[in-house]
1. Across segment 121-183, what fraction of all alpha-carbon pairs, as a whole percent, falls in each successive 5 Å bin from zero upward?
2. Whole-Hz Karplus ³J(HN,Hα) for segment 5-20, in order, using 6.51 cos²θ - 1.76 cosθ + 1.60 and θ = phi - 60°, x for Gly and Pro?
3. What do you get for Rg/Rh of segment 27-174 when both radii come from the Cα atoms and Rh is the Kirkwood radius?
4. Can you give the helix-only mean residue ellipticity at 222 nm for the chain, where every DSSP H stretch with n ≥ 4 adds -39500 (n - 2.57) and the sum goes over all residues, rounded to the nearest 500 deg cm²/dmol?
5. Near Lys245, which lysines are there with a Cα under 29 Å away, not counting those fewer than 8 places off in the same chain?
6. Return the aspartates and glutamates within reach of Lys194: Cα separation strictly under 18 angstrom, same-chain partners fewer than 8 residues apart disregarded; answer none if there are no such residues.
7. What's the FRET efficiency of Asn162 with Ser215 using the Cβ-Cβ distance as r and R₀ = 51 Å, to the nearest 0.05?
8. Based on Cβ point charges of +1 for Lys and Arg and -1 for Asp and Glu, what charge dipole magnitude is obtained for the chain about its Cα centre, in debye rounded to the nearest 20?
Amino acid sequence: VKVVHTIEKFRGELAELQRPLGLVPTMGAIHEGHMALVRRARSENAALAVSIFVNPSQFGVHEDYESYPRDMDSDLARLRDADVDMVFAPSIREMYPDGFDTYVGLGEIASRLEGEFRPGHFRGVATVVTKLIAIARPDRAYFGQKDAQQCLVVKRLNADLNLGAAIVVVPTVREAGGLAISSRNVNLSPKERKAALVLYQSLCLASDLATSVASETRRQMRELIEAEPLAQIDYVSVADPASLKELDTLSGPALVSVAVRIGQTRLIDNITINESSASA
Ligand code: AMP
């Protein structure tokens, strides 16, 4: 694996590689969720680049930018083992040099769910993803279903700004008990890790309920999560999988998503239910 830190070097090296090129954008602290994207991208492309950049512009002022886990040595070892061709690990200055003054403006999809609880988050995500795609010009870029709304925002952005990459969404990787793997899981104490199972349990409950009344699903999910003393709900959503508007009636596919704080750690998860049923 070749590790580069500047845009110029990254572009120069990419030009030497075979096509198609796959790009996996990450914030590092590589785990099995990231590796699922890497393996999928490896299998579908002649060349594979992974970016590692903890993007300050997608963190709110009171969020965990400073304490976000970082482990470059272990990341590089894992990516080397997975036969990644290039790792792009730019500095903040490289991505946001003096005078940087352009951010991607987003519409409705970005305003819901995470957008409501993390104002400015998707503006930062959209800006850095646009930059990474513009820099690497990949044939395919890979994102995890774990961040379902991010996938929608990125697909929209890629289409609307004609970025030209195929956006590939990879299913969520979970631990044995169902907890979605996340870089932030390292912040959970053993007790909190147990409590965090309530996210996936609430999603499974939504999937098992026979009701067609979405508010009833949300109510029962909330009840389950609220029974866990360490859990604080940001949102419980049963929404249209394309528009993310909250549903009244469950007659077709629905994106069920939750954001829950377990102690100091904010976790998100989602599943799609009624996938095979036709929408009304
Ligand atoms: P991050 O480093 O957290 O920004 O994640 C980089 C990419 O990996 C994003 O597209 C995430 O959606 C994806 N990802 C993170 N965790 C998982 C997981 N458990 N399963 C699948 N994809 C994941």
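1. Binned Cα distances yield the sequence 4, 17, 27, 24, 14, 8, 5, 2, 0.
2. Those phi angles translate into 10, 10, 5, 4, 5, 4, 4, x, 5, 4, 4, 7, 8, 5, 10, x Hz.
3. On the way: Rg = 15.0 Å, Rh = 16.0 Å.
Rg/Rh for segment 27-174 comes to 0.93.
4. On the way: 10 runs with 100 residues, N = 280.
So the helix-based figure for the chain works out to -10500 deg cm²/dmol.
5. Straight-distance partners of Lys245: Lys131, Lys146, Lys155.
6. In chain and number order, the partners are Glu175, Glu223, Glu226, Glu228, Asp269.
7. On the way: r = 39 Å, r/R0 = 0.77.
Plugging the Cβ-Cβ distance into 1/(1 + (r/R0)^6) gives 0.85.
8. Numbers: 31 positive and 36 negative charges, 66 e Å.
About 320 debye.
The values are calculated or read from the model by the stated rules, or taken from the named source; none is laboratory data. Bear in mind that the values here come from a model prediction, so they are computed numbers and not experimental data. Here Cβ is always computed from backbone atoms with ideal geometry, including for glycine, and neighbour counts include all displayed protein chains. For the accessible areas, the whole protein counts, side chains as well, though only heavy atoms, and no ligand, DNA or RNA atoms are used. Shrake-Rupley method; radii C 1.70, N 1.55, O 1.52, S 1.80 Å.
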